[in-house]
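Student: Provided herewith is a single structure, encoded as structure tokens, for subsequent inquiry.
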Amino acid sequence: MNREDWNARYTAGGLLWGLEPNRFVAAETTELAPGRALDLGCGEGRNAIWLAERGWHVRGVDYAAVAIERARQLAHDRGVELELEVGDVLVTDLEPGAFELVLIAYVHLPAEERLQLLDRAAQAVAPGGTLLLVEHHARNLTEGTGGPSDPSLLWTEEEICASLEQDGLTIVRAEQVRREVDGAQRPAIDVLVRAVR
């Protein structure tokens, strides 16, 4: 889907992903000391807002202007401040080594652009910082529920780990995780990778 498709999808109804943070994002970041966080592909801001409520200074980037406007309104309603911008995660200026947490959650890109995003995200992680990635796993297409129907947009832990290690990060956790989906007969299959610099 392109920018216009995402804007149309966000315009069509209520919040696409709800107000609560992704369960894996919450579980993996709860014990981290707050600092600067970068949420790449932040959508309507559910993860960014949750982090800000816990003391993080959050910068969120998404290329869907409708999503960013919703994130701004939600942040205002929840009484938190976020640095939100409409931008393409592949070209937006990212400060090298500036973030104690870099988050990538459910960003749909083809393989070459995924590797570019991983490289850019890794470079933004501060010394001692964490990169957390949660994405639809390649197995989800045939064994899971939801997510992109185009296999070129799906991720594997092997490709993620190889890219992040090449950029000097150490892998702390890399595995397939299952996520229950309301009304579905089987869970979604995601890939979760946590790495540190």
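Student: Looking at (1) β-branched (Val, Ile, Thr); (2) surrounded by 22 or more Cβ atoms within 10 Å (Cβ to Cβ); (3) free of Cβ contacts under 8 Å to residues at least 12 places away in the same chain, which one does residue 91 not meet, given that it meets all the others?
Tutor: Just one mismatch for residue 91, condition (2).
Student: In region 133-151, what count of residues is obtained for those that are farther than 11 Å from residue 190 by Cβ and open to solvent by 50 Å² or more (accessible area, probe 1.4 Å)?
Tutor: So the count comes out to 6.
Student: Restricting to region 43-55, count the residues that are at negative phi, out of contact with any Leu (no Cβ under 7 Å at 6 or more places or on another chain) and open to solvent by 10 Å² or more (accessible area, probe 1.4 Å). Step through it out loud before you land on a result.
Tutor: So in region 43-55, the residues at negative phi come out as 44, 46-54.
Remaining after also requiring out of contact with any Leu (no Cβ under 7 Å at 6 or more places or on another chain): 50-51, 53-54.
Add one more test, that the residue is open to solvent by 10 Å² or more (accessible area, probe 1.4 Å), and what stays is 50, 53-54.
Selection size over region 43-55: 3.
Student: Could we say that residue 130 is over 22 Å from residue 29 (Cβ atoms) and modelled with pLDDT of 95 or more here?
Tutor: No, not satisfied.
Per-residue answers, yes or no, for (1) closer than 17 Å to residue 134 by Cα; (2) modelled with pLDDT under 95:
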position: 28; (1), (2): yes, no
position: 33; (1), (2): no, no
position: 61; (1), (2): yes, no
position: 108; (1), (2): yes, yes
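Student: For the subset of region 1-26 comprising residues that are within 13 Å of the chain's Cα centre (by Cα), modelled with pLDDT of 60 or more and not aliphatic (A, V, I, L, M), which member is least open to solvent (accessible area, probe 1.4 Å)?
Tutor: Quick first cut of region 1-26, residues within 13 Å of the chain's Cα centre (by Cα) only: 17, 21-26.
Filter once more, keeping what is modelled with pLDDT of 60 or more: 21-26.
Filter once more, keeping what is not aliphatic (A, V, I, L, M): 21-24.
Details: 21: 21, 22: 5, 23: 120, 24: 27 Å².
If we take residues in region 1-26 being within 13 Å of the chain's Cα centre (by Cα), modelled with pLDDT of 60 or more and not aliphatic (A, V, I, L, M), then 22 is least open to solvent (accessible area, probe 1.4 Å).
Student: Inside region 174-187, can you point out the residues that are surrounded by fewer than 16 Cβ atoms within 10 Å (Cβ to Cβ) and touching a residue at least 40 places away in the same chain (Cβ under 8 Å)?
Tutor: Once the filter is applied, which keeps residues that are surrounded by fewer than 16 Cβ atoms within 10 Å (Cβ to Cβ) and touching a residue at least 40 places away in the same chain (Cβ under 8 Å), region 174-187 yields 185, 186.
Student: Identify all residues within region 76-114 that are of a type in the set (Asp, Glu) and outside any helix (DSSP H, G or I); write none if there are none.
Tutor: Hits for region 76-114 are 81, 83, 85, 88, 93, 95, 100.
Student: Another question, if that's okay. When only residues in region 115-132 that are in a strand (DSSP E or B) and over 23 Å from residue 23 (Cα atoms) count, which is least open to solvent (accessible area, probe 1.4 Å)?
Tutor: Only one residue tops the list, namely 126.
Student: Give me the residue from region 133-185 that is among the small types (Gly, Ala, Ser) and part of a helix (DSSP H, G or I) and, out of that set, farthest from residue 41 (Cα to Cα).
Tutor: 162
The values are calculated or read from the model by the stated rules, or taken from the named source; none is laboratory data. The model shown is predicted, which means the values in this text are computed figures rather than measured ones. Ideal geometry is used to build each Cβ from the backbone, glycine not excepted, and the neighbour counts take in all protein chains shown. Ligands, DNA and RNA are excluded from the accessible area calculation, which covers all protein heavy atoms including side chains. Shrake-Rupley method; radii C 1.70, N 1.55, O 1.52, S 1.80 Å.
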